[in-house]
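Peer 1: Dropping a structure here in structure tokens format, bear with me for questions.
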Amino acid sequence: MKKLVIDLGHGGSDCGAVGQSGTREADVVLFIGKELGELLKGYDIDVKFTRTVDKFISLSERAKIANDFNADYFLSIHINSASDKSVRGVEVWQFGNSNAKLNSFSKGICEDVSRIFNIRNRGVKYSKELSVLKNTTIPASLIEVDFISNKEAEKDLKVSANIKAVALVIKNNLVKLFELEVSTNDTLYRVCIGAYRDKNNAINQVETAKNKGFIDAFILYVLILL
Ligand SMILES: [Zn+2]
């Protein structure tokens, strides 16, 4: 089973960026993380969060959690801030661009998030300096969802439907990245022993199966579209 560490930026004494109306980055990413955690339940992936409460965790500790967990992938969630209050947009940071699957994951996040808020897609960017990217030994990316320093963005990030939408697109892109399947207990596994153009052959095969003790054997009619 694939292992994923989701890192929710800041927390505790470090509230991250703060919007003009006082909305804290640490709280917004915690809300997104909680929704994302719910959405990933039922998928065949082992998820660990660096934090699930409003608590301070150092940057080196976050990378250590990912490395110790032996995760396949590290995803950090942040909200951006700029001195120019007019700036909005989504961007995703990576350490490098050598992992094609990771590149398309990050690109997908940018496209989908920019559509939710109708904001600029600032694209995938690269940094050798961002601590959690530098110190994780696994493929990692860091999402900057939007700029909390912008009044409209701050307002949007307070709407729970938007938080849910962001969590959903992250989940959808993770499903694509890991080719995840839903693991429910209701799944039925059907065993097939043949397919025949002549109905009599099918009837005979069912009889043979039943005689061998497979009493639930039955014929399924499949329409072939040419
Ligand atoms: Zn941050």
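Peer 1: Show the residue pairs that are 6+ apart or on different chains and have beta-carbon atoms under 8 Å apart, the first residue being within segment 179-193 and acidic (D, E), the second being in a loop (DSSP other than H, G, I, E, B) and at pLDDT 75 or above.
Peer 2: E181/D44
Peer 1: Tell me, which residue of segment 10-26 that is crowded, with 19+ Cβ neighbours inside 10 Å and charged (D, E, K, R) is farthest from A167 (Cα to Cα)?
Peer 2: R24
Peer 1: A follow-up question, please. Quick check: is even one residue across segment 162-175 at pLDDT 90 or above, assigned to a strand (DSSP E or B) and of a type in the set (A, V, I, L, M)?
Peer 2: There is no residue in segment 162-175 that is at pLDDT 90 or above, assigned to a strand (DSSP E or B) and of a type in the set (A, V, I, L, M).
Peer 1: Okay, next question. Return the residues of segment 24-38 that are within 15 Å of V53 (Cβ to Cβ) and more than 11 Å from the ligand (Cβ to nearest atom); say none if nothing qualifies.
Peer 2: D27, L30, F31, I32, G33, K34, G37
Peer 1: Please enumerate the residues belonging to segment 2-23 that are more than 11 Å from D54 (Cα to Cα) and of a type outside the set (V, I, T).
Peer 2: K2, K3, L4, D7, G16, A17, G19, Q20, S21, G22
Every residue, every condition in (1) among the hydrophobic types (A, V, I, L, M, F, W, C); (2) within 13 Å of the ligand (Cβ to nearest atom), yes or no:
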| residue | (1), (2) |
| --- | --- |
| L4 | yes, no |
| G11 | no, yes |
| V18 | yes, yes |
| L40 | yes, no |
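Peer 1: Does F56 satisfy being among the aromatic types (F, W, Y), surrounded by fewer than 18 Cβ atoms within 10 Å (Cβ to Cβ) and under 22 Å from L174 (Cα atoms)?
Peer 2: No, not satisfied.
Peer 1: Where the second residue is among the basic types (K, R) and surrounded by fewer than 16 Cβ atoms within 10 Å (Cβ to Cβ) and the first is touching a residue at least 60 places away in the same chain (Cβ under 8 Å) and lies in segment 76-98, which pairs have Cβ atoms under 9 Å and are six or more apart or on separate chains?
Peer 2: Hits for this filter: K85/K151; V87/R120; R88/R120.
Peer 1: Looking at segment 68-93, which of the residues that are under 19 Å from the mean Cα position of the chain (by Cα) and away from the ligand (no atom under 16 Å from the Cβ) is nearest to I32 (Cα to Cα)?
Peer 2: Within segment 68-93, the match that is nearest to I32 (Cα to Cα) is Y73.
Peer 1: Another one. Report yes if some residue within segment 128-137 is of a type in the set (V, I, T), assigned by TED's automatic domain parsing to the domain that holds R62, farther than 30 Å from G22 by Cα and within 20 Å of the chain's Cα centre (by Cα); otherwise report no.
Peer 2: The answer is yes, given that some residue of segment 128-137 is of a type in the set (V, I, T), assigned by TED's automatic domain parsing to the domain that holds R62, farther than 30 Å from G22 by Cα and within 20 Å of the chain's Cα centre (by Cα).
Peer 1: Could you list all residues from segment 42-57 that are modelled with pLDDT of 95 or more and among the hydroxyl-bearing types (S, T, Y)?
Peer 2: T50, T52
Peer 1: Can you tell me which of Y196, Y189 is of a type in the set (F, W, Y), surrounded by fewer than 19 Cβ atoms within 10 Å (Cβ to Cβ) and within 37 Å of the chain's Cα centre (by Cα)?
Peer 2: Selected residue: Y189, the only one of Y196, Y189 that is of a type in the set (F, W, Y), surrounded by fewer than 19 Cβ atoms within 10 Å (Cβ to Cβ) and within 37 Å of the chain's Cα centre (by Cα).
Peer 1: Looking at segment 141-148, can you tell me whether even one residue there is part of a loop (DSSP other than H, G, I, E, B) and modelled with pLDDT of 95 or more?
Peer 2: Yes: one or more hits.
Peer 1: Also, quick follow-up: Go through segment 1-37 and give me each residue that's farther than 12 Å from V47 by Cα and part of a loop (DSSP other than H, G, I, E, B).
Peer 2: G9, H10, G12, S13, C15, G16, A17, G19, Q20, S21, G22, T23
The values are calculated or read from the model by the stated rules, or taken from the named source; none is laboratory data. Here the structure is a predicted model, which is why all the values come from computation and not from measurement. Heads up, the Cβs are rebuilt from the backbone with ideal geometry, glycines too, and the neighbour counts pull from every protein chain shown.
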